[in-house]
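Following: one structure in structure tokens, then a few remarks.
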Amino acid sequence: GAVVSQHPSWVICKSGTSVKIECRSLDFQATTMFWYRQFPKQSLMLMATSNEGSKATYEQGVEKDKFLINHASLTLSTLTVTSAHPEDSSFYICSARSVGGVGTQYFGPGTRLTVL
Amino acid sequence: AQSVTQLGSHVSVSEGALVLLRCNYSSSVPPYLFWYVQYPNQGLQLLLKYTTGATLVKGINGFEAEFKKSETSFHLTKPSAHMSDAAEYFCAVSDRGSGGYQKVTFGTGTKLQVIP
């Protein structure tokens, strides 16, 4: 149980294009989903927290207009990197917390974004 | 505010030897504590967690961790290392949340190498 999927797992795009990453909780309902960014050999940095049906809460320093987050249902959240640039290349990981969960986050497998 | 310190970014052990990965935390409130494992190009997998109750927590793959409040520690151990244990391990701390918002802070990770 508690499986989270991400799609795509790897994406290469040209500078200036937008990329959408999907995060789905497959066997549970997730009231809260989290988006992280991980640079090589570093820990996860929380980008934003999204609650179903409401606007995402972004961490300090994260551009909300560049990283658009939508959490339209209890099983799906999307992260759109708009007008991507090479410095946006990174490993993006989502996680989800189940309804009534006591803090445990279940992580997706991650999406490797490479912007040329 | 909360923080996590993982001592040692790299740990090497021989196959069959004891694994000890150190984690100290700082939290102004009783925390939830987690250990996650990450294999290359994958998301994080929950190994074990402490919420309340018994301070010795057993997880998957033979790992366990002990919550020591007096030492503000949550070290991860395994009696006998296996080659498949080679991965990166992250300790994390979470507050207990208010208003549905719960923030998890990750340590910088410890890369475990298992020598045959």
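The values are calculated or read from the model by the stated rules, or taken from the named source; none is laboratory data. Source: prediction; values computed, not measured. Methodologically, a virtual Cβ is constructed for each residue, glycine included, from the backbone with ideal geometry; neighbour enumeration extends over all protein chains shown. What goes into the accessible areas is simple: the full protein's heavy atoms, side chains included, and nothing from ligands, DNA or RNA. Shrake-Rupley method; radii C 1.70, N 1.55, O 1.52, S 1.80 Å.
Per-structure values
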{"read-out": "Local net charge near A:I12, Cβ-Cβ under 13 Å (Lys/Arg +1, Asp/Glu -1)", "value": "+1"}
{"read-out": "Calculated Rg and Dmax of chain B using C-alpha coordinates, Å", "value": "13.9, 49"}
{"read-out": "Convex hull projection area averaged over all views, the protein assembly as shown, Cα basis, nm²", "value": "12.6 nm²"}
{"read-out": "Extended-chain gain in nm, criterion 0.36 nm per residue less alpha-carbon gap, B:V29 and B:E15", "value": "1.2 nm"}
{"read-out": "Estimated dipole of segment B:28-105 in Debye, rounded to 20 [Cβ of Lys and Arg +1, of Asp and Glu -1, Cα centre]", "value": "200 debye"}
{"read-out": "Ranked by how many other beta carbons lie within 10 Å on average, peptides A:85-95, A:57-67 from highest", "value": "A:85-95, A:57-67"}
{"read-out": "Label-to-label distance, nm, for residues given as A:K14 and A:N70 (7 Å Cα→Cβ offset)", "value": "2.4 nm"}
{"read-out": "Per-q log10 I(q)/I(0), chain A, q = 0.12, 0.13 Å⁻¹ (Debye; single scatterer per alpha-carbon; no solvent)", "value": "-0.37, -0.44"}
{"read-out": "Whole-number percent relative contact order across chain B, with pairs defined as alpha carbons under 8 Å at least 6 apart", "value": "37 percent"}
{"read-out": "DSSP beta bridge pairing in chain A, given as percent antiparallel to the nearest 5", "value": "90 percent"}
{"read-out": "P(r) histogram, all alpha-carbon pairs of segment A:49-116 included - 10 Å bins from 0, percent", "value": "18, 49, 29, 4, 0"}
{"read-out": "Probe 1.4 Å - accessible area at A:S15, Å² to nearest ten", "value": "60 Å²"}
{"read-out": "Count, lysine Cα pairs under 13 Å in the protein assembly as shown, 8 or more residues apart or across chains", "value": "5"}
{"read-out": "Protein accessible surface hidden between A and B, which excludes ligands and nucleic acids, total in Å², probe 1.4 Å", "value": "1700 Å²"}
{"read-out": "Distance (nanometres) between label positions extended 7 Å along Cα→Cβ at B:S3 and A:S5", "value": "4.1 nm"}
{"read-out": "Counting DSSP beta bridges with both ends in chain B, the antiparallel % (nearest 5)", "value": "90 percent"}
{"read-out": "Shielding score for A:106-112, defined as the mean number of other chain Cβ atoms within 10 Å", "value": "4"}
{"read-out": "Residues of segment A:1-60: accessible area per residue with a 1.4 Å probe, Å²", "value": "55 Å²"}
